[in-house]
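Worksheet: one structure, shown below.
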Amino acid sequence: MTAAPLDFATRAKALDESDPLRDYPSRFLGSEDPEIVAYLDGNSLGRPTRATAERLAAFITDAWGGRLIRGWDEQWFDLPLTIGERIGASILGAAAGQTTIGDSTTVLLYKIARGALALRPGRTEIVLDRDNFPTDRYLLEAIATELGLTLRWIEPEFTGGVTAQEVAEAVSGRTALVVLSHVAYRSGYLLDAPAISAVTHEAGALLLLDLCHSAGAVQIELDSWAVDFAVGCTYKYLNGGPGAPAFGYVRAEHLAEFTQPIWGWMGRESPFEMAQGYLPAQGIRRVISGTPAIIGMLPVQDTLDLIEEVGMAAVRAKSVALTEFALELVRTWLLPLDVAVSSPIDPARRGGHVTIDHPQFKEITARLWQRGVIPDFRPPQGIRIGLSPLSTTYAEVLAGVAAIRDELTPR
């Protein structure tokens, strides 16, 4: 790998040394692995914390092995709610009683979208955008087919995302639900959520946000923004591990009438009565269906510990600083090599990752992985540089962008 210019190498070293979160990367496993030169995919799968390795080992021997079925009465039955409360308070700007955790993102998105649509009977349209994550689009296509509804598509700019003006032009008295990602999975565009919430409500519709690429990277204030519903995953910036369960948020004012379509015993009022007929539980527990994945929830608690130590304002400040440094390197080294930036330049409109495009990036990504530099590829020709504020160093950013430059430089 070609050596970095002294000024950037010195800058990266100085930034790491002065970083208020400089001690946190060492709390993650793999941070000292010599085979990993730069991990730039924390927005797809976060590193595990060292505390998680200890927690999981202790759970198997002590909680599961030692307490056995008693664990349900002692802690596990309420764990979806207790972890949900922490996610709501630490990350979502949500008061108590509105957040739970348990299903996959897809299942929770289905349950909450269906429950939301039932609150707007007689309305026939769902507003969404063509640049949303595929599962969101496919799922809403399925729901529209199932219920005989119409999808009204927004076509955002390739390097941006959905604006409040575009939502205002799409919604009407026919709109039941608007479904958007808070941070666009490809471009990293950060929605103006308060403005979009206001526009949605002016039309009498409800707003459902996908927080998968924002939870743990940007500051979120669901309550003050008057967002109606939200879902998000925990295996990205919350470091829950592969397939870790998602979280769901239902605004308090909707809970009494909210009914989701997958009725299971743990979402019923007094579930251990095993009574005939389904009666939804009071509050956010009604979002739960069957037995939750307890082991999958455990690692999230360790990242919540870290976030609660430093606060989301500090996490967001580090995220902005990392992406600004990455863009500076891209402008200096990669733009002259015909690379294009496909993310917002304004940090106020950018989430925790930067996407760059070049016709050779699909092949180059595979070569980068072989040399221990791990971003991800997103069609048609984009590399996403995903920077996790608690675990990514400026030195990693420098090494990663330098490796991309080297792969593009003719030998």
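The values are calculated or read from the model by the stated rules, or taken from the named source; none is laboratory data. Please read these numbers as outputs of a predicted model, since none were measured by experiment. Virtual Cβ from ideal backbone geometry, glycine too; neighbours counted across all protein chains shown. All accessible areas refer to the heavy atoms of the entire protein, side chains included, with ligands and DNA or RNA removed. Shrake-Rupley method; radii C 1.70, N 1.55, O 1.52, S 1.80 Å.
Figures for the structure shown
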item: Residue ID - most open to solvent (accessible area, probe 1.4 Å), chosen from residues in segment 300-332 that are touching a strand residue (DSSP E or B) at 6+ places or on another chain (Cβ under 6 Å) and of a type in the set (D, E, K, R); result: ARG316
item: Options THR10, THR52, THR61; residue that is of a type in the set (S, T, N, Q), open to solvent by less than 60 Å² (accessible area, probe 1.4 Å) and not in a loop (DSSP other than H, G, I, E, B); result: THR52
item: GLY290 being open to solvent by 20 Å² or more (accessible area, probe 1.4 Å) and within 23 Å of ALA217 (Cβ to Cβ); result: no
item: Flag if LEU335 is open to solvent by 10 Å² or more (accessible area, probe 1.4 Å), over 24 Å from LYS111 (Cα atoms) and without any contact (Cβ under 8 Å) to a residue 12 or more places away in the chain; result: yes
item: Condition met for THR145 (without any contact (Cβ under 8 Å) to a residue 24 or more places away in the chain, farther than 23 Å from GLN219 by Cα, out of contact with any helix residue (DSSP H, G or I) (no Cβ under 8 Å at 6 or more places or on another chain) and open to solvent by 40 Å² or more (accessible area, probe 1.4 Å)); result: yes
item: Matching strands (runs of 3 or more DSSP E) fully within segment 313-411 where at least 1 residues are of a type in the set (Gly, Ala, Ser); result: 382-386
item: Segment 208-266, residues that are hydrophobic (A, V, I, L, M, F, W, C), out of contact with any helix residue (DSSP H, G or I) (no Cβ under 7 Å at 6 or more places or on another chain), surrounded by fewer than 20 Cβ atoms within 10 Å (Cβ to Cβ) and not in a helix (DSSP H, G or I); result: ALA256, TRP263
